[in-house]
Amino acid sequence: MVLCALRQPLLRSSSCCGTWTRLLKRQTRGCVYSSVHGFNQEEVREKLQAFPGGSIDLLKQDSGIAVLTLNNPSRMNAFSGSMMVDLEERVSELENWTDGKGLIIQGVAETFCSGSDLNAVRAISNPQDGMKMCMFMQNTLTRLLRLPLISVALVEGRALGGGAELTTACDFRLMAPGSVIQFVHKHMGLVPGWGGAARLVRIVGSQNALKLLGGAVKVDSKLGLDIGLADGVLQARQEAEGTDSPLQLADNWLSRYTKGPAPVIQAVKKVVLSGRELPLSEALRTEKDVFGTVWGGPANLQALASKSKHK
Ligand SMILES: CC[C@H](C(=O)O)C(=O)SCCNC(=O)CCNC(=O)[C@H](O)C(C)(C)COP(=O)(O)OP(=O)(O)OC[C@H]1O[C@@H](n2cnc3c(N)ncnc32)[C@H](O)[C@@H]1OP(=O)(O)O
C-alpha cells in the first residue's frame, strides 16, 4: 500500500512548477482513486461546484493548531457540492503547512454537520454521479486522516450521515454535552461511502461498528466513551463570563499532544499512521525512515545537551 502523506516530501522536492506537476500531484496525492480507476478529479470538481452553498474555512494559528470550520448554518452545516470542493482545497493547504502540528474540525452554530446536502443528493441520485462523489470524498477524507497533524473532531450538536463519517477521518473525537454522532445511512437506504465504515471498524471494532450501522444508533457522549468512539467529553458550558468556549476547551485538550517542535509532532503522527495502515514489515521500514528524520535533529540534540530527566 502506498502511504501518500509520508511520501509527499519526495514528490515535492523532485517536482518543478507547472500545470502538469499540479495535476500529477493532485492525482497521486488522492491516494485511493486516480485515473487508473476511471476517476477524473477535475471533472468531479466541476460537477460538485454546480451545487453551491456554505463554505469550509481554515484558520492556521501560530500555535501550530489549525481550525477547520464547516459553515452552512441554514442547513445544519450540511455539505453542499462546493463545500466538498472547498474541503479538498483546504486539505491541500494543510498538506503544505510545514509548521502545522494539530487540527480541530468544528461546525458553526453549535452543531457539527448533518451530512450531505440533501438537495444536492437528490440531484445526483443516479449511481454514476453517486460513485464519483463517493470517490472524491474518500480521496479527500483519506488525505485528511493522513495529514501529518494530530486531528480532533469537536462534535457539538449533531454529526449525521456524512458528518458522522467526517468525524472518523480525525485521530480523535471530542463530544460536547448533548451531542450525538449517528450513522443514519440505513435510514436513507444507504451505507457509508466516504470511507466511514472502514474507519469506524478500525476505531470501535467490527462488532460495535455493525451495531452502530445496523441500528443507526444515536451515539451520545456516554456511549461514545464506552465504545471508544469518543476520546473525551467537554464539560457543560457555564453561562458565567470567563468560561472557555468549546473551541478553547478542544484547543487545550489537543495542545497536550501537540506541545513540542513541529518535526517531532509530525513524526509522531507519521509512525502511528504507518502502524495503523501498513503491514508490519512496511510499517517498520517506514518507522525507520521517520526515525531518521528526527535522530540527530535540533530537538534531539537539544534534549541530549540539556541532559533532560523524565521524572
Ligand atoms: C446518508 C449518507 C449521505 C452521505 O454520506 O452522503 C448523507 O449524509 S445524506 C444526509 C443525512 N442527513 C440527514 O438526512 C439529515 C436530515 N435532517 C434532519 O434530520 C434534521 O434537519 C436535523 C436533525 C439535522 C435537524 O433537525 P431540527 O429540527 O433541529 O432542524 P430542521 O430540520 O428544521 O433543520 C434546519 C434546516 O436545515 C436543513 N437541513 C438539515 N439537514 C440538512 C441536510 N442534510 N441537507 C439539506 N438541508 C438540511 C433543514 O431542511 C432545515 O431547512 P429549512 O429550510 O428550514 O426547512
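Please give the number of the condition GLY161 fails out of (1) under 23 Å from ALA66 (Cα atoms); (2) in contact (Cβ under 8 Å) with a residue 40 or more places away in the chain; (3) surrounded by 24 or more Cβ atoms within 10 Å (Cβ to Cβ).
(1)
Just checking, does segment 126-138 include any residue being within 13 Å of the ligand (Cβ to nearest atom), under 12 Å from the mean Cα position of the chain (by Cα) and open to solvent by less than 30 Å² (accessible area, probe 1.4 Å)?
Yes, there is a match, as at least one residue in segment 126-138 is within 13 Å of the ligand (Cβ to nearest atom), under 12 Å from the mean Cα position of the chain (by Cα) and open to solvent by less than 30 Å² (accessible area, probe 1.4 Å).
Mind checking which pairs have a first residue in segment 256-269 that is open to solvent by less than 80 Å² (accessible area, probe 1.4 Å) and a second that is among the aliphatic types (A, V, I, L, M) and in a helix (DSSP H, G or I), Cβ under 8 Å, 6 or more apart or different chains?
If the second residue must be among the aliphatic types (A, V, I, L, M) and in a helix (DSSP H, G or I), the pairs left are THR258/ILE265; GLY260/ALA299; PRO261/ALA299; VAL264/VAL294; VAL264/ALA299; ALA267/VAL290; ALA267/VAL294.
Give LEU147, LEU166 a once-over and let me know the one that is at pLDDT 95 or above, under 25 Å from LYS270 (Cβ atoms) and within 11 Å of the ligand (Cβ to nearest atom).
Selected residue: LEU166, the only one of LEU147, LEU166 that is at pLDDT 95 or above, under 25 Å from LYS270 (Cβ atoms) and within 11 Å of the ligand (Cβ to nearest atom).
Can you tell me which residues in segment 93-125 are modelled with pLDDT under 95, in a loop (DSSP other than H, G, I, E, B) and loosely packed, with under 13 Cβ neighbours inside 10 Å?
SER125
For segment 205-216, does any single residue satisfy the condition of being among the basic types (Lys, Arg) and surrounded by fewer than 18 Cβ atoms within 10 Å (Cβ to Cβ)?
The answer is yes, given that some residue of segment 205-216 is among the basic types (Lys, Arg) and surrounded by fewer than 18 Cβ atoms within 10 Å (Cβ to Cβ).
For segment 35-56, state whether one or more residues are assigned to a strand (DSSP E or B) and either within 16 Å of the ligand (Cβ to nearest atom) or among the acidic types (Asp, Glu) (or both).
yes
If we keep just the residues of segment 77-92 that are part of a helix (DSSP H, G or I) and small (Gly, Ala, Ser), which is nearest to the chain's Cα centre (by Cα)?
SER92
Going residue by residue through segment 278-300, is there one that turns out to be open to solvent by 80 Å² or more (accessible area, probe 1.4 Å), of a type outside the set (Phe, Trp, Tyr) and in contact with a Lys or Arg (Cβ under 8 Å, 6 or more places away or on another chain)?
no
The values are calculated or read from the model by the stated rules, or taken from the named source; none is laboratory data. Note that the coordinates shown come from a computational prediction; the quantities given were computed from them, not determined experimentally. FYI the Cβ positions are ideal-geometry reconstructions off the backbone, even for glycines, and counts take in every protein chain you see. Accessible surface is based on the protein model in full, side chains and every heavy atom, while ligands, DNA and RNA are left aside. Shrake-Rupley method; radii C 1.70, N 1.55, O 1.52, S 1.80 Å.
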